[in-house]
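Working notes, structure below.
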Amino acid sequence: MFIETNLNAKTKHGCIEVIAGSMFSGKTEELIRRLRRAEIARQKVEIFKPAVDIRYSETEVVSHDENAIRSTAVENSSNILLLSSNVDVVGIDEAQFFDEGIVEVCMKLADQGVRVIAAGLDMDFRGKPFGPMPGLMACAEYVTKVHAICMRCGNLAHYSHRLSDADKLVLLGEKDAYEPLCRSCYREATK
Ligand SMILES: Nc1ncnc2c1ncn2[C@@H]1O[C@H](COP(=O)(O)OP(=O)(O)O)[C@@H](O)[C@H]1O
Ligand SMILES: Cc1cn([C@H]2C[C@H](O)[C@@H](COP(=O)(O)O)O2)c(=O)[nH]c1=O
Ligand SMILES: [Zn+2]
């Protein structure tokens, strides 16, 4: 479990935290857990997700277990900066779907003293780094990699295997469309 530094410190120290992993690895749950604790500490929290992903809700970030927290859907990364004045903590879900500008936005916020927590898929269905995630992970102070359970063997999974032949990068879906797999089951499934 990620242990926060003192939430109520007098001097504001901005930072970037990234929660990365495959689908079903608990990224959203961990994001919600950290944001709820910040709210309990009476910090001003704003939460964003990309407008492209409104699978469950337009106004909430929702985990696969239906744990939810209010959020604002935004079209691009610059909207996050515009909507983040006077905040202590910014949460971002599905960070992989944002444009590359998200890295600069997170850096600016952290430089201003904001704690930024971004969750996203580190790899796409081909096992390649996903969008701005490598850049975010590189400039983050803290990176937490979480794992799902492999649907074929029960080991730890870090790949999101697509169940169809579709080859476009962005294809929203759940268990109907993807399964989390471990390294050897992913290799077997894609050969
Ligand atoms: N194969 C799996 N491995 C782990 N958790 C799974 C799996 N399938 C379903 N889940 C559920 O998904 C939850 C995590 O959901 P969520 O935080 O939304 O994940 P993510 O944001 O990483 O896709 C787990 O607590 C568990 O109940
Ligand atoms: C691997 C992969 C996933 N997606 C989509 C599928 C889901 O709608 C989201 C990931 O959601 P989660 O909260 O991490 O479970 O991303 C995609 O569009 N392309 C991919 O390669
Ligand atoms: Zn496996």
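The values are calculated or read from the model by the stated rules, or taken from the named source; none is laboratory data. Computed from a prediction, not measured in an experiment: that's the story for all the values here. Note that we place each Cβ from the backbone using ideal geometry, even for glycine, and neighbour counts take in every protein chain shown. We work out accessible area using only protein heavy atoms, side chains counted, and drop any ligands, DNA or RNA first. Shrake-Rupley method; radii C 1.70, N 1.55, O 1.52, S 1.80 Å.
Looking across the stretch 174-185 at every residue that is away from ligand 3 (no atom under 16 Å from the Cβ) and either acidic (Asp, Glu) or at positive phi (or both), the one that is least open to solvent (accessible area, probe 1.4 Å) is identified as Glu174.
Report, by residue number, each residue of the stretch 40-62 that is loosely packed, with under 15 Cβ neighbours inside 10 Å and in contact with a helix residue (DSSP H, G or I) (Cβ under 7 Å, 6 or more places away or on another chain). Scanning the stretch 40-62 gives a single hit, Val52. Taken over the stretch 144-173, the criterion of being within 8 Å of ligand 3 (Cβ to nearest atom) and either open to solvent by 20 Å² or more (accessible area, probe 1.4 Å) or in contact (Cβ under 8 Å) with a residue 40 or more places away in the chain (or both) is satisfied by Met151, Arg152, Cys153, Gly154, Asn155, Ala157. Whenever a residue of the stretch 22-33 is on the phi > 0 side of the Ramachandran plot and open to solvent by less than 30 Å² (accessible area, probe 1.4 Å), its partners that are away from ligand 3 (no atom under 16 Å from the Cβ) and not in a helix (DSSP H, G or I), lying with C-beta atoms within less than 6 angstrom and at least six residues away or across chains, give the pairs Gly26/Val146. With respect to the conditions (1) open to solvent by 10 Å² or more (accessible area, probe 1.4 Å); (2) touching a residue at least 40 places away in the same chain (Cβ under 8 Å); (3) closer than 27 Å to Tyr186 by Cβ, Asp88 lacks only one, and its number is (3). Taking the criterion of being within 15 Å of the chain's Cα centre (by Cα), under 30 Å from Val45 (Cβ atoms) and at pLDDT 95 or above, would at least one residue in the stretch 173-186 satisfy it? No: the stretch 173-186 contains no residue that is within 15 Å of the chain's Cα centre (by Cα), under 30 Å from Val45 (Cβ atoms) and at pLDDT 95 or above.
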